[in-house]
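K.L.:
To start, I am sharing the structure in question, which I have written as structure tokens.
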């Protein structure tokens with residue numbers, strides 16, 4: 001059982017559709033990050049959320065941190081083929097210092 | 001900055017052989033992390049350093065794995081002897097108490 005559960009594990013949609021990826025845990029996080037990973041490369045940071053209830057927008061991507069800081073979501077509006085990749089959430093548990101625990105990832109495929 | 005540099009990019013070795021993976025973190029970053037990624041387990045933290053000292057190696061199989069950071073600009077992850085179940089992509093990441101910057105990884109295949 002992973003500390004951070006992501007759902008769905010895989011998502012295939014058509015260009016222009018919307019999608020939402022979820023990241024859930026029973027633990028409280030001091031901060032939570034979202035990364036995107038493309039084949040053959042390491043994960044690249046998209047955003048960091050720190051405050052419960054926080055919403056951040058990055059162009060067509062909207063990130064939300066749950067009020068209790070136990071969960072998060074990533075919503076993509078009007079997905080493009082360039083959004084294809086593995087999306088990973090990662091959290092810092094309170095009192096765990098700089099150690100990040102990653103979710104299992106959601107593989108997104110946006111078809112033209 | 002060139003980012004986090006890992007070498008080699010690919011390694012194929014026979015079971016029982018020693019394998020050494022190398023990492024150069026971003027200059028000035030005081031945290032260095034070694035992760036292993038597989039389809040089944042996702043990204044698993046093996047070990048991490050702060051100011052060259054091991055902070056947590058609870059995820060590392062210590063009978064065959066060892067990690068060192070002899071100076072602030074270099075780290076190694078050694079596997080001896082290697083086994084087929086060690087086949088994975090190994091990532092190094094560095095940080096300055098904030099977001100991580102990952103290298104491009106080393107794809108290890110043990111046959």
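Throughout, read-outs are computed from the coordinates displayed, never taken from laboratory work. Just so you know, these numbers come straight off a predicted model, no measurement behind them. All Cβ positions, glycine included, derive from the backbone under ideal geometry; neighbour counts span all protein chains shown.
K.L.:
Once the piece of chain linking residue B:44 and residue B:66 is laid out straight, how much longer is it, given 0.36 nm per residue of separation minus the C-alpha distance between them?
P.N.:
6.4 nm
K.L.:
Below 8 Å between Cα atoms, with a sequence gap of 6+, how large is the relative contact order for segment A:5-111 in percent?
P.N.:
36 percent
K.L.:
Among A:70, A:56, which comes first, second and so on when ranked by fewest other beta-carbon atoms within 10 Å? Before the final figure, lay out the partial values.
P.N.:
Values: A:70 18, A:56 15.
So the ranking, lowest neighbour count to highest, is A:56, A:70.
K.L.:
In a GNM of chain B with a 10 Å cut-off on Cα contacts, which of B:66, B:94, B:58 has the highest mean-square fluctuation?
P.N.:
So, out of B:66, B:94, B:58, the one fluctuating most is B:58.
K.L.:
Find the relative contact order for chain B and round it to a whole percent, using C-alpha pairs within less than 8 Å whose residues are 6+ positions apart.
P.N.:
This gives 38 percent for chain B.
K.L.:
Take the alpha carbon atoms of segment B:28-59, find their center, do the same for segment A:70-112, and report the distance between the two centers in whole angstrom.
P.N.:
Between the Cα centres of segment B:28-59 and segment A:70-112 lies a distance of 19 Å.
K.L.:
Averaged over peptide B:40-48, how many Cβ atoms belonging to another chain are found within 10 Å of each residue's Cβ?
P.N.:
Values: counts 1, 2, 9, 13, 3, 4, 0, 0, 4.
Mean number of neighbouring Cβ atoms from other chains: 4.
K.L.:
Modelled label-to-label distance, residue B:51 and residue A:20, 7 Å Cα→beta-carbon offset: nm?
P.N.:
My value for the distance between the label points is 4.5 nm.
K.L.:
May I ask you to sort A:38, B:44 by Cβ crowding, counting other Cβ atoms within 10 Å and putting the fewest first?
P.N.:
On the way: A:38 12, B:44 16.
Fewest-to-most ranking of A:38, B:44: A:38, B:44.
K.L.:
What ranking do B:39, B:69 get, fewest neighbouring Cβ atoms within 10 angstrom at the top?
P.N.:
Working: B:39 9, B:69 21.
So the ranking, lowest neighbour count to highest, is B:39, B:69.
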